[in-house]
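Novice: Before I ask anything, here is the structure I am working with.
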Amino acid sequence: MENNELIPVYHFCVVHQVEISFIDVLQQYGLVEVMKIDDNSYLKESQLADAERYVRMHYDLDINIEGIEAIRHLLEKLDQVQQQNRSLQNRLGRYESPAEAPSYGA
């Protein structure tokens, strides 16, 4: 993994004005993965959007960590249901003639 794909936790915390302990708690709950390299902690760039979302939930909306964990779980379930719905629509589309196919607002 390249270093440009890693965000120093310290830098993230300074930019977002949060305590490093907040990231530690997110890691304890499995909401983010923190990598340790030479006594420094890093977030993967792919987790940056999620970490920023959790900061907004906690500090702007005053949602506790357990609430953030529940919201994340529900959003993952919603995504699974949406993927399953798309899959079923695609399968159904194979059996419908073009004249009969309903419009799904695509």
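Novice: Picking from Asn90, Asn64, Asn40, which is most flexible by a Gaussian network model of the chain using Cα springs under 10 Å?
Specialist: Asn90
Novice: If the convex hull of the alpha-carbon atoms of the chain is projected onto planes in all directions, what is the mean projected area in square nanometres? All intermediate terms of the calculation are to be shown ahead of the outcome.
Specialist: On the way: hull surface 39.0 nm².
Averaged projected hull area, Cα only: 9.8 nm².
Novice: Further question: Which of the peptides 8-18, 73-83 is most tightly packed, and how do the rest follow, going by the mean number of other Cβ atoms within 10 Å of each residue? Each step should come with its number before you reach the end.
Specialist: Values: 8-18: 14.6, 73-83: 10.1.
So the order, starting with the most tightly packed, is 8-18, 73-83.
Novice: Which value, in debye to the nearest 20, describes the size of the charge dipole of the chain about its Cα centre when Lys and Arg Cβ atoms bear +1, Asp and Glu Cβ atoms bear -1, and nothing else is charged?
Specialist: Dipole size: approximately 560 debye.
Novice: Leaving out ligands and nucleic acids, and using a 1.4 Å probe, what accessible area per residue does the chain come to in Å²? Don't skip to the answer; put the middle values down first.
Specialist: Values: 7900 Å² over 106 residues.
Computed with neighbouring chains in place, this is 75 Å² per residue.
Novice: May I pose another question? For the chain, which whole percent of the accessible surface, found with a 1.4 angstrom probe, sits on carbon and sulfur atoms?
Specialist: Values: 3820 of 7900 Å².
About 48 percent, which is the carbon plus sulfur part of the accessible surface.
The values are calculated or read from the model by the stated rules, or taken from the named source; none is laboratory data. Everything quoted here is computed from the prediction, not taken from an experiment. Note: ideal-geometry Cβ built from the backbone for every residue, glycine included; neighbour counts use all protein chains shown. Side chains included, ligands, DNA and RNA excluded: accessible areas come from the protein's heavy atoms. Shrake-Rupley method; radii C 1.70, N 1.55, O 1.52, S 1.80 Å.
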